[in-house]
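Undergrad: So that we are looking at the same thing, I have put the structure below in structure tokens.
FYI, it's all coordinate maths here, none of it is from the lab. Bear in mind that the values here come from a model prediction, so they are computed numbers and not experimental data. When we count neighbours, we look across all protein chains shown, and the Cβ atoms used for this are built from the backbone with ideal geometry, even at glycine.
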Amino acid sequence: MRILVTGGVRSGKSKHAEGLLADVVDVTYIAPGLPADGRDPDWDARVAQHRSRRPARWATVETAALDAALRSARGPLLIDCLGTWLTAALESDRLWEASTAAAHAALAPRLDAVCDALMTVPDAVVVTNEVGLGVVPSHRSGVLFRDLLGTVNQRVAEVCDEVHLVIAGRVLTL
């Protein structure tokens, strides 16, 4: 079964996703974001926190090449998270200043590849951020990210069997 877990920042979505696979021995944890590299202490702390929660028996793959990681991994997968994958894609393709239409067009092949690869995986839990419920971002890059992540979430939800919405640590199955 493929499950998309979405929710706001610090809603408990990662903890819920990890709990869905807690009893599984051979999980591959794919972290598709920017690496902890010492430039952002808050980000580095968050990465360290996530690493410390993972069972030692889980394999970890830290890569922004999400489609390739999906295709090569074996066994159940936990992908955390699509928001960090999108950030890495926007950064590597230098799309932060692109128009929304141009960014959508540039991202489309990557997103197609991720969705195609995810459809071949029988068991996966995919974590993402829900950013469309809050205030309108005051910066153009925030608006771009919100709009693109909304598209990413819709496309990935289409290839998942269930969507779980986590709010304040509570889970709603949609």
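Undergrad: Where nothing but the Cβ of Lys and Arg (+1) and of Asp and Glu (-1) is charged, how large is the charge dipole of the chain around its Cα centre, in debye to the nearest 20?
TA: Details: 18 positive and 21 negative charges, 72 e Å.
Charge dipole, the chain, about its Cα centre: 340 debye, nearest 20.
Undergrad: Run through region 83-174 and list the trypsin sites (Lys or Arg not before Pro) located in a DSSP loop whose Cβ has at most 14 other Cβ atoms within 10 Å.
TA: Within region 83-174, the qualifying trypsin sites (Lys or Arg not before Pro) (loop, at most 14 other Cβ atoms within 10 Å) are ARG94.
Undergrad: For helix 82-92, report the angle its Cα long axis makes with the longest principal axis of the Cα atoms of the chain; keep it between 0 and 90° and round to the nearest 10°.
TA: 50
Undergrad: When the helices in the chain are scored as -39500 (n - 2.57) per DSSP H run of 4 or longer and the sum is shared across all residues, what 222 nm value do you end up with, to the nearest 500 deg cm²/dmol?
TA: Taken over the chain, the calculation gives -14000 deg cm²/dmol.
Undergrad: Amide H neighbours of TYR29 under 5 Å, counting only residues 5+ apart in sequence or on other chains, H built in-plane at 1.01 Å?
TA: ALA59, THR60, VAL61, LEU78
Undergrad: Then there is this: Projecting each Cα onto the charge dipole of region 76-174 (Lys/Arg +1, Asp/Glu -1 at the beta carbon, about the Cα centre), which of CYS115, PRO137, VAL125 comes out farthest on the positive side?
TA: Of the options given, the answer is PRO137.
Undergrad: Between the helical axis of 100-119 and the dominant principal axis of the chain, each derived from Cα atoms, what acute angle in degrees is found, rounded to the nearest 10?
TA: It is inclined by approximately 20 degrees.
Undergrad: Helix 41-53 sits at what angle to the longest principal axis of the chain, using alpha carbons and giving 0 to 90 degrees rounded to 10?
TA: Result, in degrees: 20.
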